[in-house]
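Okay, so here's the structure we're looking at.
The values are calculated or read from the model by the stated rules, or taken from the named source; none is laboratory data. Bear in mind the structure is a predicted one, so any value in this text is a computation, not a measurement. A quick note on method: Cβ atoms are made from the backbone with ideal geometry, for glycine too, and the neighbour counts reach across all protein chains shown. These area figures cover heavy atoms from the full protein model, side chains too; ligands, DNA and RNA do not enter into them. Shrake-Rupley method; radii C 1.70, N 1.55, O 1.52, S 1.80 Å.
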Amino acid sequence: FVQSQVAAHAEAAWVLNTPDNLGGTLKFNTNLLNIVREVGTDTRRLSVGAQWDRTFYDGLGSEYKVQASVRGDGYSVDGLSNLSNPDLPSVYFPQNGNKAAVRVPYDFVAARAFPQIGVTWDYPLVHRGSDVPFLVPPTVAAFVGPDSGNRFIIPNEDSLGYEFRDSDLFRANRMQGYDLLDTGQRVDYGLNLGAYYANGGSYRMLIWQSYRAEPNPFIPPGGGADGRLSDVVGRLTLAPSDYLDLIYHFRLDRATLSNRLQEVTASAGTGVFRFSTTYLLIPAEQPSDVITVPGSGQTILYGKREQVSLNAQLKLSRYWSIVGAETLNLTNSSNIVNGVSTPQSNNESLQASLSAVYQDECMGFITTISQSGIRNGDVTPGYAVLMSLVFKNIGEIGGNVFSASGS
């Protein structure tokens, strides 16, 4: 793996608050990325998109959210290489002194357009037979888009890691970045159960699943959404007061309903001081669960992943606060990559940071000192100082002012 440098990254979004003649809201988004490497692929990307939203109601109390969007991406790629992008198909590159099985340009320009339409239906069923209202709204969403758009030749720089979670349901695009498109047709469905007390306490449970017309071979395997039928995901939230929240996330195997992911978060405190801790457990996969990455043919069997995260925020004054966070690795298990045991991490501390935050009605200023304990290829543990200046109605300016790596 070859570490990259982000030479330029900018993103902007605009929302027209005044409804148009059809009663909808129009949004625009643009993203610019320039990644350079001493060895490997240089990628420049420009993405421009527009989205239209409108909500309708019928006489029975149902709510319909309609969304139509279109996005265009342009790429300029130099020095296409699997040294820096190991997810690229191995047949694109020479192997064992032999020529590449599939000839592709290593320097090229590419463009694509992706339209998508979605409709989400909610029917809020409310039981008011006691002092505690119960809310049971079933939700169904359908999203339609072309199956095309993704190409193995386009380097995937920002959508490599993907875990299907409850926050992904009823979102048109479930990918975190721009390089991977959530193509095709699918249906999301689930229930949102809730009990709400007059004193402000609430107890909620969500359980959801997704079904695709055809698998998307570009979605990273092993994340719970790479097949036609997704894993079952959900969330249980216990909030007895404003001072305490307990949240449990889970993902169950689509076939056996065995646990694929468990995450428990406890958050307590007031507006002056707030502390939270999160425990994450992803069980080790069985030999029958071995994953073959579609692009490169690489086989991966993930080992047990277990970690705990700590976060504390102290408000010093009206505008100033301090935030500290750390994520600790609790296991030394390994992944099996192409039959070879590969340690997930060599460090107990995966990441730690301390931030000083200034925030008023118009702007915010954040200074962060961070430490990374991750070691992967030529990515080594080190320290960095990041400063960001945020104007609430204009945008954000920031970047690293110092970074150092260990051996």
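Numbers for the structure displayed
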quantity	calculated
Every residue from the range 16-54 that is of a type in the set (A, V, I, L, M) and open to solvent by less than 40 Å² (accessible area, probe 1.4 Å)	Leu33, Ile35, Ala50
Single residue of Arg204, Arg235 found to be of a type in the set (D, E, K, R) and touching a helix residue (DSSP H, G or I) at 6+ places or on another chain (Cβ under 7 Å)	Arg235
Close pairs (9 angstrom Cβ cut-off, 6 or more residues apart or separate chains): open to solvent by 40 Å² or more (accessible area, probe 1.4 Å) in the range 171-193, part of a loop (DSSP other than H, G, I, E, B) and among the polar types (S, T, N, Q) anywhere	Gln176/Ser159
All positions within the range 78-87 that are modelled with pLDDT of 90 or more and in a loop (DSSP other than H, G, I, E, B)	Gly79, Leu80, Ser81
From the options Tyr57, Tyr92, Tyr75, residue that is more than 21 Å from the chain's Cα centre (by Cα), at pLDDT below 95, of a type in the set (Phe, Trp, Tyr) and surrounded by 13 or more Cβ atoms within 10 Å (Cβ to Cβ)	Tyr92
Of all residues in the range 31-64 being touching a residue at least 40 places away in the same chain (Cβ under 8 Å) and out of contact with any Phe, Trp or Tyr (no Cβ under 8 Å at 6 or more places or on another chain), the one that is farthest from Leu181 (Cα to Cα)	Val39
Residues (more than 22 Å from Gln298 (Cα to Cα), surrounded by fewer than 17 Cβ atoms within 10 Å (Cβ to Cβ) and in contact with an Asp or Glu (Cβ under 7 Å, 6 or more places away or on another chain)) located in the range 194-229	Ala198, Gly200, Glu214
Filtered residue count, the range 194-233, keeping only those that are more than 22 Å from Ile247 (Cα to Cα), of a type in the set (A, V, I, L, M, F, W, C) and not in a strand (DSSP E or B)	4
Residue within the range 2-24 that is part of a loop (DSSP other than H, G, I, E, B), out of contact with any helix residue (DSSP H, G or I) (no Cβ under 9 Å at 6 or more places or on another chain), among the hydroxyl-bearing types (Ser, Thr, Tyr) and modelled with pLDDT under 90 present	yes
Single residue of Ala239, Ala255 found to be aliphatic (A, V, I, L, M), modelled with pLDDT under 95 and open to solvent by less than 30 Å² (accessible area, probe 1.4 Å)	Ala239
Condition check for Ser317: open to solvent by less than 70 Å² (accessible area, probe 1.4 Å), small (Gly, Ala, Ser) and not in a strand (DSSP E or B)	yes
All positions within the range 294-305 that are surrounded by 17 or more Cβ atoms within 10 Å (Cβ to Cβ) and either at pLDDT 80 or above or in contact with a strand residue (DSSP E or B) (Cβ under 7 Å, 6 or more places away or on another chain) (or both)	Ile300, Leu301, Tyr302, Gly303, Arg305
Unique residue being surrounded by fewer than 18 Cβ atoms within 10 Å (Cβ to Cβ), at pLDDT below 90 and assigned to a loop (DSSP other than H, G, I, E, B) when the list is Thr331, Thr342	Thr331
Scan of the range 239-291 for residues that are touching a residue at least 60 places away in the same chain (Cβ under 8 Å) and assigned to a strand (DSSP E or B), ordered by number	His249, Arg251, Leu261, Ile291
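Residues are listed down the side, and each one gets a yes or a no for (1) within 30 Å of Asp242 (Cα to Cα); (2) in a strand (DSSP E or B):
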{"site": "Asp158", "(1), (2)": "no, no"}
{"site": "Gly161", "(1), (2)": "no, no"}
{"site": "Phe164", "(1), (2)": "yes, no"}
{"site": "Ser167", "(1), (2)": "yes, no"}
{"site": "Phe170", "(1), (2)": "yes, no"}
{"site": "Gly177", "(1), (2)": "no, no"}
{"site": "Leu181", "(1), (2)": "no, no"}
{"site": "Val187", "(1), (2)": "no, yes"}
{"site": "Asn192", "(1), (2)": "yes, yes"}
